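Visitor: This structure is in structure tokens; I'll ask about it shortly.
The values are calculated or read from the model by the stated rules, or taken from the named source; none is laboratory data. A quick note: this is a predicted structure, and the numbers were derived from the prediction, not measured. Cβ atoms come from the backbone with ideal geometry, glycine included; neighbour counts cover every protein chain shown.
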Amino acid sequence: MKSSIAFVLDGKVVEIDFDRSSQLTPTTTVLNYLRGLPQHRGVKEGCAEGDCGACTIVVGELTANRTIEYRAVDSCLLFLPMIHGKQLITVENLQELSGKLHPVQQAMVDAHGSQCGFCTPGIVMTLFALYKGGSRPSKDEIGDALAGNLCRCTGYEPILKAAAAACDGQGRDHFSADEAGIAELLGSIAPDGISISTESQRYDQPATVNECLLLMEKLPDSLIVNGATDVALRVTKKFENLHHIIDCSRIAELRSVSGGDRSLTIGAGVRISEVMELVRNDFPGLYQMLTVFAARQIRNVATLGGNIGTASPIGDSLPVLMAYGAEIILRSRRGTRHVKADSFVQGYRKTDRQPDELIMAVMLPRPSASARIQTYKVSKRRDLDIATVSAAFRVDLDKQGMVSDITLAYGGMAAYTKRASSAEAFLSGKHWDRKQVEEAQNLIDKDFSPISDVRGSAEFRRIAARNLLLKFWSETKG
């Protein structure tokens with residue numbers, strides 16, 4: 001394993017040796033690294049938690065067919081080792097050497113979308129990634145791409161017009177002309193794992209599952225991450241010194257996907273933005289919940305396994321996985337085991353995963369034709385917000401309209417995501433009608449004792465939880 005990282009910036013390979021650096025550490029964010037470079041200070045720190053988009057950059061990653069895939073990400077949530085072997089693009093790189101503006105920059109000027117310069121660079125980088133997607137995005141797609149970018153100086157209409165004008169479906173620019181050369185530079189960076197040690201930190205980035213499991217067995221107190229969009233806040237907001245991190249983001253096996261007629265298995269390292277495309281048609285409930293999962297910059301880094309592993313009481317994916325009857329696949333050097341999603345979380349931030357086990361994948365059984373599944377997220381704003389209450393419901397009815405199976409999973413109602421077991425038991429075997437559902441609503445209070453916090457009061461949560469069940473019935477009664 002190497003003790004240094006390498007990436008492409010400004011058309012050349014840049015190497016950082018942490019042994020020789022007195023200022024950079026393995027948990028230095030890409031944002032803070034760039035702000036220390038005199039020619040890359042267009043990137044700004046607004047919130048340092050992925051909420052404002054002022055720090056948006058674009059990361060280019062070499063694909064199997066030697067092309068480059070461009071993703072907009074929040075640089076405030078990205079540790080430096082995470083860009084090893086990738087291309088780093090900032091707003092300063094968009095202008096051509098001749099001084100000609102990039103098409104998205106010119107469109108922002110023409111539409112009067114460019115304002116104070118604090119948020120605008122991040123907006124431009126988001127549009128650049130959208131432009132490089134090579135499609136003509138709809139207004140909804142443009143809005144989704146920009147949901148992670150704030151702008152306090154102007155209405156969004158000029159920015160939306162700029163995006164529509166720039167994204168011509170071709171995505172051609174000077175990056176296209178240089179792509180073969182950049183791909184060659186990226187290919188020259190050794191794909192080996194990384195092991196960085198400083199006086200107070202150790203950061204391992206193994207390249208294989210076996211390397212990772214061996215590290216986890218030897219160092220059981222290590223912090224396991226993949227996208228680290230949650231863990232990064234401990235550095236940027238709480239200023240913690242994370243002593244030992246094992247970063248699984250380079251392990252190809254964790255990004256594998258397989259499926260058949262009966263199930264779909266998604267690797268724990270598959271990014272949320274990629275999961276969305278995988279489940280759009282066959283698992284619409286999961287897709288719908290993921291559309292309001294943070295913003296695209298975060299979905300481009302956060303992983304399915306990471307969201308499960310955090311065991312957040314308000315995590316977006318776990319209630320839905322419970323409704324679909326998903327299984328979490330765990331592996332250690334002792335072997336592999338499957339755990340049902342509804343028994344994986346055992347308490348506040350506590351899971352059934354043992355210290356030497358790695359979350360490998362999630363197995364989603366394909367629902368039967370009789371299954372009716374809906375998901376809901378109650379929050380103060382639609383995009384880029386933490387849920388006050390989330391829910392995922394499933395009901396299977398027999399030919400007489402009786403409930404043969406039911407799952408009522410809630411987030412935000414307890415110290416961990418859990419099912420409303422009393423309401424489920426009451427409804428099982430009964431006719432799926434309003435009278436029965438209204439009686440079941442009152443039983444939800446037996447299963448949960450929610451707290452009051454900045455997102456909502458305990459009473460609001462109880463009312464919302466009861467009403468979501470009635471809403472579910474109204475949408476599935478036909």
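Visitor: Here are some conditions: (1) surrounded by fewer than 21 Cβ atoms within 10 Å (Cβ to Cβ); (2) within 30 Å of TYR131 (Cα to Cα); (3) modelled with pLDDT of 95 or more; (4) not polar (S, T, N, Q). VAL209 meets all but one. Which one does it not meet?
Guide: Going through (1) surrounded by fewer than 21 Cβ atoms within 10 Å (Cβ to Cβ); (2) within 30 Å of TYR131 (Cα to Cα); (3) modelled with pLDDT of 95 or more; (4) not polar (S, T, N, Q) one by one, VAL209 breaks only (2).
Visitor: Right, here's the next one. Here is a list of conditions, (1) in a strand (DSSP E or B); (2) in contact with a Gly (Cβ under 9 Å, 6 or more places away or on another chain), and LEU408 meets all of them except one; can you say which number that is?
Guide: Going through (1) in a strand (DSSP E or B); (2) in contact with a Gly (Cβ under 9 Å, 6 or more places away or on another chain) one by one, LEU408 breaks only (2).
Visitor: Still on this structure, I have one more. Based on this model, can you work out whether GLY285 counts as small (Gly, Ala, Ser), in contact with a Ser or Thr (Cβ under 9 Å, 6 or more places away or on another chain) and either under 23 Å from ILE245 (Cα atoms) or not assigned by TED's automatic domain parsing to the domain that holds GLY411 (or both)?
Guide: Answer is no for this residue.
Visitor: So GLY169 passes all but one of these: (1) closer than 30 Å to GLY113 by Cβ; (2) assigned to a helix (DSSP H, G or I). Which condition number does it fail?
Guide: All conditions are met except number (2).
Visitor: Which count do you get for residues in the range 52-82 that are closer than 17 Å to THR120 by Cα and surrounded by fewer than 18 Cβ atoms within 10 Å (Cβ to Cβ)?
Guide: Of the residues in the range 52-82, 0 are closer than 17 Å to THR120 by Cα and surrounded by fewer than 18 Cβ atoms within 10 Å (Cβ to Cβ).
Visitor: On the basis of being farther than 15 Å from ASN149 by Cβ, modelled with pLDDT under 95 and acidic (Asp, Glu), does GLU96 make the cut?
Guide: The answer is yes for GLU96.
Visitor: I'd like to verify a number: residues in the range 111-129 that are within 15 Å of CYS167 (Cα to Cα), touching a Lys or Arg at 6+ places or on another chain (Cβ under 9 Å) and not in a loop (DSSP other than H, G, I, E, B), how many?
Guide: So the answer is 2.
Visitor: Then there is this: Please count how many residues of the range 240-253 are assigned to a loop (DSSP other than H, G, I, E, B), under 19 Å from SER197 (Cα atoms) and of a type outside the set (S, T, N, Q).
Guide: Number satisfying all stated conditions: 5.
Visitor: Here is a follow-up. Looking only at the range 254-294, how many residues end up being in contact with an Asp or Glu (Cβ under 8 Å, 6 or more places away or on another chain), part of a strand (DSSP E or B) and more than 24 Å from PRO220 (Cα to Cα)?
Guide: 1
Visitor: Among the candidates ASP261, ASP221, single out the residue that is farther than 27 Å from ARG296 by Cβ and either assigned by TED's automatic domain parsing to the domain that holds ASN300 or of a type in the set (Ser, Thr, Tyr) (or both).
Guide: ASP261 is the lone residue from the list that is farther than 27 Å from ARG296 by Cβ and either assigned by TED's automatic domain parsing to the domain that holds ASN300 or of a type in the set (Ser, Thr, Tyr) (or both).
Visitor: Restricting the search to the range 31-45, which residues are surrounded by 18 or more Cβ atoms within 10 Å (Cβ to Cβ) and either over 26 Å from the mean Cα position of the chain (by Cα) or part of a loop (DSSP other than H, G, I, E, B) (or both)?
Guide: HIS40, GLY42, VAL43, LYS44
Visitor: Look at PHE460 and say whether it is modelled with pLDDT of 95 or more, within 28 Å of the chain's Cα centre (by Cα) and more than 17 Å from GLY412 (Cα to Cα).
Guide: No: the conditions fail for PHE460.
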